[in-house]
Amino acid sequence: MLTIIGTGHVFKIAEPVQFIIRHSWPQVVCVELDRSRYAGLTGDTAGMKKVDDADVPPVYKASAEYQQKISARNDSTAGAEMVAAITEARALGAEVVCIDKDARQAMTEMWAEMSRRERFRYKWSALTDGLLGMRKVEQTQQAFAANEEKYLADMRRKYPTLVRKLIDERNAYMAARLTEVCTTRERVVVVVGDAHVEGLAKLLPPELEVRKIRLADLLDEERMAKVRAMVWNDKEGSE
């Protein structure tokens with residue numbers, strides 16, 4: 001059983017993520033992090049070279065600052081759900097595996113490969129998103145949840161390089177890592193951004209049993225109550 005939890009890095013959803021992991025009893029918890037972001041969230045920098053602030057790509061730094069700003073408005077911190085997943089995994093004695101590509105490198109490549117038109121759209125979107133704040137984030141999440149296929153098709157038309165570098169290529173990379181983990185483990189939970197869930201699931205071996213829990217489930221009390229009941233019943237049935 002592979003449980004995929006789709007999250008949003010700026011939402012206050014640490015508790016439901018922890019609940020799902022706790023009652024899934026995973027042997028491994030995989031997280032949408034690279035080693036550098038893992039160190040930044042946990043403080044575990046053992047064996048890592050210190051990164052000079054001047055070496056951080058401006059586009060990556062701007063994205064991180066935006067996430068921190070929006071998270072604070074939502075009474076949370078960027079990546080809090082990842083920290084919650086790691087904390088719960090450790091409490092259960094489960095292995096934690098970082099499955100994502102290097103984010104700084106991915107964003108650097110994205111920016112280098114973008115056309116001038118796409119860069120302009122990206123900058124304009126970043127400006128308007130910053131002005132509208134959490135309202136824009138909520139509108140985006142609702143539009144995505146209402147028609148994911150249409151939303152991603154529109155994104156692919158407006159931001160082809162962004163979608164290819166930050167979604168498609170990372171999906172392929174993470175699917176390969178997950179497939180490797182699942183060949184030796186029976187119970188695995190993976191925590192990824194909600195935009196990766198469907199694309200990731202399609203790239204996994206068809207014989208793998210996959211359960212998907214989406215961001216819309218985590219944000220809605222009634223839907224989350226059903227998720228809690230499902231996870232709890234699965235746990236009871238396996239004992």
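The values are calculated or read from the model by the stated rules, or taken from the named source; none is laboratory data. Here the structure is a predicted model, which means the values were calculated and not measured. Note: ideal-geometry Cβ built from the backbone for every residue, glycine included; neighbour counts use all protein chains shown.
Can you spot a residue in the stretch 212-231 that is under 22 Å from TRP111 (Cβ atoms), modelled with pLDDT of 95 or more and not hydrophobic (A, V, I, L, M, F, W, C)?
There is no residue in the stretch 212-231 that is under 22 Å from TRP111 (Cβ atoms), modelled with pLDDT of 95 or more and not hydrophobic (A, V, I, L, M, F, W, C).
Residue check, PRO26 against (1) modelled with pLDDT of 95 or more; (2) assigned to a helix (DSSP H, G or I); (3) surrounded by 14 or more Cβ atoms within 10 Å (Cβ to Cβ), all met but one. Which one?
Failing condition for PRO26: (2).
Check off (1) closer than 19 Å to GLY93 by Cβ; (2) surrounded by fewer than 21 Cβ atoms within 10 Å (Cβ to Cβ); (3) polar (S, T, N, Q) for SER36 and give me the number that stays unchecked.
That leaves (1) as the condition not met.
For the stretch 197-224, how many residues are in contact (Cβ under 8 Å) with a residue 24 or more places away in the chain and closer than 18 Å to GLU32 by Cα?
So the count comes out to 14.
What are the pairs with Cβ atoms under 6 angstrom where one residue, in the stretch 146-162, is more than 20 Å from GLU113 (Cβ to Cβ) and the other, located anywhere, is small (Gly, Ala, Ser) and part of a helix (DSSP H, G or I)? Sequence gap at least six, or different chains.
TYR151/ALA143
Looking at the structure I just gave you, is ALA46 over 25 Å from MET134 (Cα atoms) and at pLDDT 95 or above?
no
One line per residue, one yes/no per condition, for (1) under 16 Å from the mean Cα position of the chain (by Cα); (2) surrounded by 14 or more Cβ atoms within 10 Å (Cβ to Cβ); (3) hydrophobic (A, V, I, L, M, F, W, C); (4) at pLDDT below 95:
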position: LYS69; (1), (2), (3), (4): no, yes, no, yes
position: ASN74; (1), (2), (3), (4): no, yes, no, yes
position: ALA89; (1), (2), (3), (4): no, yes, yes, no
position: GLU118; (1), (2), (3), (4): no, yes, no, no
position: ARG135; (1), (2), (3), (4): no, no, no, yes
position: GLN139; (1), (2), (3), (4): no, no, no, yes
